[in-house]
Structure formats: C-alpha cells, structure tokens
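Report on the following structure.
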Amino acid sequence: MGVARLVKVSVIAPRSEYVQVAKALAQFEDFHPAEGAPQNFDPGVQELTVKAVRLFAQADQAAKDLGLQLMPGQIDIVFRGAKIPRSNYDASSWEELLGKVDSQLGPIAEEVKAEKAALQKAQKEEADSEALMGALKVVSGFSSDLTGLAGLTMFKAVVTLVENEKVAELRNSLPGALLLTQAVAQEKTLVLAAVPKGDEARLDKTLKLLELKPLVIPPGFPQNPAEAFLKATKDHEAAIAESERTAALMAESKRKHGSTLLAARELSEVARKTLDEARVSGGMHRLATISGYIPAKQEEQFKRLFGGWIVHIEEPDHESERDQVPILMVNRPGLNLTQPIVLEQGTPARHEVDPTPLVSFVFPVFFGMMFGDVGHGLILTLFMLLVRQRSSGNMRKWANIFLVAGISSIVFGVVFGEFFELSFQNFVPIPPLVEIIHRSAGSVDTFNFLPTPWAGVNLVLIVSFLIGIAHLTTALALDVYQAAKEHNPIELWLEKVPVLTMYVSGVGYGLAFVGVGFSFNVLGSTRLNPLLQIPNNVLGAASIAVLVPSMLVLLAGKSVAIAAGKLKEGSVLGALSNGGLEVFERISQFMSNTISYVRLAVMLLVHAALLLIVNLLQPWANPLMILPWVIFNIMILAFEAFIVYVQDLRLHLYEFFTKFYSGTGKPFRKIFPDRVRVSVEWH
C-alpha cells in the first residue's frame, strides 16, 4: 500500500558511448543509482563533471556577489504574488547543454565580478578617506605648511596631538625642548616639539611613553593640515559617489540578469549531481556499466530508451540488498495528501506499511474536530486556496493539507452548529447534530453539559476516547500485519499479537469497569453496558479471559521459548525480567496514550471558550467593537490553527506511528533531480 515495486537494472555500454548513457539516464530521470559499485570514473563523464562543478561555483559566486535570494520568501509568494520564472533549455548532449550554460553564464559572471571588484575598491577608498578625514578633522583649523620640518639638519621636530592634561607632562619630560602649542579642540592641543639631533632618541621615547603619535600627512596630500583636510573631504565625497554608482550598476545587473543567473546556477547544480552519480562506471577497461533501481511499471520505457546497449533487468534480492534497495512512495491523488507529514517520520522500511492513505483521511478529521467552526474554517480554506494558487512544490503540498483541514473544519462546524461561535442555525436553517454551546435568550452562552452522556460536551468527550481506541487499535493491528509479513513467528506470537489482544481486552474491561459505576465488581453486575449494550459481567469475563493470557504470554513467552531452544539470544531470567517490565510499561503506555486523545475534545472547547469571550464585545450591538472583534478573531484563528496542527501532529507522530512505524527506509533518489527554475528538453 503506497510503495512502488522496483526492479534492478544494469546498463553495459562501450566506454566511447558512455557519455550518451549519462544523457539517457538524465532523460529517463527515475533511476536510483546502486551503492557499493567500484569507484572507477569514466574519463568522458568525469570531464563533464569537472566542467559542471566549475560552472556551479561560478554561478554561485556571482549569485552571492549580487545578493540574490535563491528562492522568494513565503511572504513574498503568498502576499505579493512573487513568481519563479522558468527557463527552457534544449540540447542533444551533455556537452551541448553545459556549453549553452557556459556561453550564457560567462559574460554575466565576468561582468558581475568586475562590478564587485569596482565596488570593493570604491568602498575601501571610501573607508580610507573617511578615516583620514576623521584624523585630520581635529587639526583642520591649523593652517601651516609642515613640509620644512623634514628638512631640518640640526633639530628633530614633530607635530602631535596631545590631550590637554598631558601637555604639562610632555613639557616636563623634555626640558630644553622647543614646544609650540595651539588649541585645536576642546580637549586636545596641537604641539610642535623640537629638540637637538642628539636628543632625538629621548623625544621618540617620550612620545611612546605618553602614547602620542606624530601627525603624518600621507604623500600626495598638501602638508598643510587645513588644506589636507579639504582634499580628504573631497576624496571622501568622490569615493561615496563612486560606491553609489557601482552599487547602482550591480542593482541593475541583479534586476537584468538575476533570473538567468539563478537558472544557470540550478542547472549546473543539477548537472553536477547527475554527472557525479553517472561517472561511476565499473571496473572494466573497454566497457562501462552502471546499475540502479527503477519503478517496475517503467521497465518497457527503460528498455526502449537504452535499447542500443546491453540492458539486464532482475528482481532485487531483498535479503542481500535489503539496506540498498530504495523505497519509492506512490499514492493516488488524494491518498497522498499527508505524505509530507509521513516523511517527517521517515520513509517506510521494506516490510512496513505506508500509512499515508490512512493519515490522509484521519489527519483532516482530527483537525476539523478540534477546530470545528464554519466561519474560521471558511477563512482558513480561502486563505489556503490563495496560498495553493501562488505556490508550487513542497509549499503547495502543505497548502493542500491545510486546505482539506479547513474544509473539515467547516464540516464539523456544521455538525456543532458554530459560526464564529454564533449559532450557525441563525444564518442557515440547519440544526446542529451535537450542540456544545447552550444558548438562551438574554443570558450568557455556556457549554452544554447535560446529565445524559450521549449529548453535548459529554458526547464529544466520549467520542474522543472512542476515536483514540480505534486509532491505537489500528496501529497495533498494523504492527501485527507487518510482523506476519516478516515471517518471524516468535516475534509475532510472543509480542505483537499479545500486545494487540492485551489492549483490546483491556479496553473491554475498562468499559465494563465504567459501566458498573467505576467498581472492580465487574463480574457481579448484570446491568447492560451503556456503550455496547451487553451485560457488564459478560463483557468483563470475556475481557479477563483474553487479558490474563495475553499478559502471561508477554510476561513469560520469550523465557519459555529460550528454555525450549526456540530463541537463541538471552537468558530465561533475563527474558522473564524484561517481560515483567514490558507488561508494566504497556499498561501505563496504553492508559496514557488513550487518555491523550481527549485533546480532541479539549482543543474544541478551548477554541469555543476563546470565541465566547471575544463575542462578549457584541459588535452587532456596538459598531465601535467591530474592528476589535475582527482583530481578535484573526488572532484566535492563527493561534488556534497552529496549536491544533501541533496537537494533530502529536497524536500521529507520538501516539500512532510509534506503535508500528520506524521510517528507516532509504528514500528513492532520482538521478536527475527535480528542477524549479529550469526545464530540459533532450533531443
């Protein structure tokens, strides 16, 4: 159910024609390369692989330089209608296809590279000029040419900026030196210090001790600080203008070449991945060979496409290749709705049932039951129709899930008679099947708790438990079915079957326990069970008759099998100890798992309670309350829809899947990956 039958294929071709085989593999697409083949690379395909790697690196770097977003954001897609343009390529060979990408990508990449280099240069000049301008700004009020200081023969002179509190310390450290000062800032003073040539070392040492740096104006600048500052300011303005110009050029390149560049990047990446798989071509010198798995229904198509070479097709050996044979999930439209949710748990292993069709029915039902409101369900449905229309790929799959969940919410809203937690009957003359809100004229609406268990909130709670019992029983039954498929009788009869019968009989005893008024005197009551309409003593006796043997088999079955030599691993006492822990764990697990399904009713009541509070605003009586009422409804819808989704997901991933599903299968991987931006037409 939901898993395609695969066959193993091998293609043998002359080395001189193996490049054409690589093209045919991309043309066929649904080919999963076998692992463990000899790592000998075909020279022709290896050369193409290297070229594809180079093109991808070139395109990827250009995309990064332009700041291109590989995929539009979800908000842009949904609310701004952002589209992903698609480029079409046609080619007769890999050489031609990569040549087209190269000729298209090369000029763009070189242009982007030159613009990026120009921008980096302009930004560096801008940063350097800004730093120099900042250094000269303090002394910009000092107008005197410092060129002559370097030509002194008998004296060593430097100009430095000194904090005001250090001026006296500098003067004391250089007795006999010529010091000229000029205040240039509130906290700093420009100092000209001159000493005889013999005291040059003392001057340098003093400057280091006081952490003072000589004022140095770069070559090419006027040595007058005021004039140098003016030139630095002009250079900074010119650098800013150049940065803006080159940034505008890159923005234009992004607009003009962005789609082409991203298409080339995706195609080169797909080519790189495909050719990297195809280059592994066996260990023969003159012949190349490649093996893999394809869907059995495409066997004839594969033979036609690869008819010019030797093709061998066989059934996979699931025993020797069990860790290599991939799993291809295939379900009919509608039954594959929740495949993304199942894949969150992993791909089904070879012996496992694909639960996607079952989850595709149950998941929306659970969601609708917890979110049952016609108004909110209608808004969710319309919003998901918008998302679905504007999206593609995986996002569209998730939109489909929530679209069906919204429709389910509408259906359950009709069942409960709720429309924004107002009576749906006020708008459409359809009475509710289950009334969870009690409404009476002139009073506050309340939850409909009735003395009878078969109406109102009580009925929803009971149905939640019954749904949980059915859901868990299905999971345990699937576990039994999978164990039978594995042909492991010890595991089947000593664990899987006893666990199933233990749960079912435990549920029966629990119903009898409730039926006699929560008393353990189940066998002494002849009163009819309110749910099953059979005497409680009969139900209790039948349940105990199955429950006790099931627990005993689970407790001691494997230890007996070890003692009888049917099971080789473990010891009798160890198996008995593990059996006791297993029984205890199963009892506590079954109780907690079953109770967990009460969230189906609780989330519905939480949703209703929030809307009851919001409806106290009564916007139909006070127009000023319309806007707050709308805002609060939107907030509740978004918050509750997310919480309900999480709870629905939890019931499946933690309560349901854990009973029978491991998801350890190897997913089928097409040799030519799916594309978003490009399509390739081979001829």
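The values are calculated or read from the model by the stated rules, or taken from the named source; none is laboratory data. Just so you know, these numbers come straight off a predicted model, no measurement behind them. A quick note on method: Cβ atoms are made from the backbone with ideal geometry, for glycine too, and the neighbour counts reach across all protein chains shown.
Selection of region 28-53 for residues being part of a helix (DSSP H, G or I), under 31 Å from the mean Cα position of the chain (by Cα) and surrounded by fewer than 16 Cβ atoms within 10 Å (Cβ to Cβ) yields only Val50. Regarding region 615-632, can at least one residue be identified that is out of contact with any Asp or Glu (no Cβ under 6 Å at 6 or more places or on another chain), closer than 24 Å to Ile401 by Cβ and either without any contact (Cβ under 8 Å) to a residue 60 or more places away in the chain or not assigned by TED's automatic domain parsing to the domain that holds Tyr503 (or both)? Checking region 615-632: not a single residue is out of contact with any Asp or Glu (no Cβ under 6 Å at 6 or more places or on another chain), closer than 24 Å to Ile401 by Cβ and either without any contact (Cβ under 8 Å) to a residue 60 or more places away in the chain or not assigned by TED's automatic domain parsing to the domain that holds Tyr503 (or both).
One line per residue, one yes/no per condition, for (1) at pLDDT 80 or above; (2) surrounded by 16 or more Cβ atoms within 10 Å (Cβ to Cβ); (3) among the charged types (D, E, K, R); (4) not in a loop (DSSP other than H, G, I, E, B):
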position: Leu149; (1), (2), (3), (4): no, yes, no, yes
position: Ala157; (1), (2), (3), (4): no, yes, no, yes
position: Pro175; (1), (2), (3), (4): yes, no, no, no
position: Ala194; (1), (2), (3), (4): yes, yes, no, yes
position: Gly198; (1), (2), (3), (4): no, no, no, yes
position: Asp235; (1), (2), (3), (4): yes, yes, yes, yes
position: Ser243; (1), (2), (3), (4): yes, yes, no, yes
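When the residues of region 55-89 are filtered to those that are in contact (Cβ under 8 Å) with a residue 60 or more places away in the chain and farther than 20 Å from His257 by Cα, the one that is surrounded by the fewest Cβ atoms within 10 Å (Cβ to Cβ) is Gly81.
Pairs are defined by a Cβ separation below 9 Å, a sequence spacing of at least 6 or placement on different chains, a first member in region 206-218 that is more than 21 Å from Ser129 (Cβ to Cβ) and in the same structural domain as Val167 (by TED's automatic domain parsing), and a second member that is among the hydroxyl-bearing types (Ser, Thr, Tyr) and part of a helix (DSSP H, G or I); the pairs so defined are Thr206/Ser173; Leu209/Ser173; Leu210/Ser173; Leu212/Thr206.
Of all the listed residues (Val553, Val538), the sole one being touching a Pro at 6+ places or on another chain (Cβ under 8 Å), modelled with pLDDT of 90 or more and either outside any helix (DSSP H, G or I) or surrounded by 14 or more Cβ atoms within 10 Å (Cβ to Cβ) (or both) is Val553.
Scanning region 358-390 for residues that are more than 23 Å from the chain's Cα centre (by Cα), closer than 29 Å to Leu6 by Cα and of a type outside the set (A, V, I, L, M) turns up just one, Phe361.
Would you confirm, using the coordinates I've provided, whether Val11 is among the hydrophobic types (A, V, I, L, M, F, W, C), crowded, with 18+ Cβ neighbours inside 10 Å and either over 34 Å from the mean Cα position of the chain (by Cα) or in a loop (DSSP other than H, G, I, E, B) (or both)?
Spelling it out, Val11 is indeed among the hydrophobic types (A, V, I, L, M, F, W, C), crowded, with 18+ Cβ neighbours inside 10 Å and either over 34 Å from the mean Cα position of the chain (by Cα) or in a loop (DSSP other than H, G, I, E, B) (or both).
Exactly one of these conditions fails for Ile290: (1) in a helix (DSSP H, G or I); (2) touching a helix residue (DSSP H, G or I) at 6+ places or on another chain (Cβ under 8 Å). Give me its number. Failed condition: (1). Among the residues making up region 324-345, those that are surrounded by 12 or more Cβ atoms within 10 Å (Cβ to Cβ), assigned to a loop (DSSP other than H, G, I, E, B) and not hydrophobic (A, V, I, L, M, F, W, C) are Gln324, Pro326, Asn331, Asn336, Thr338.
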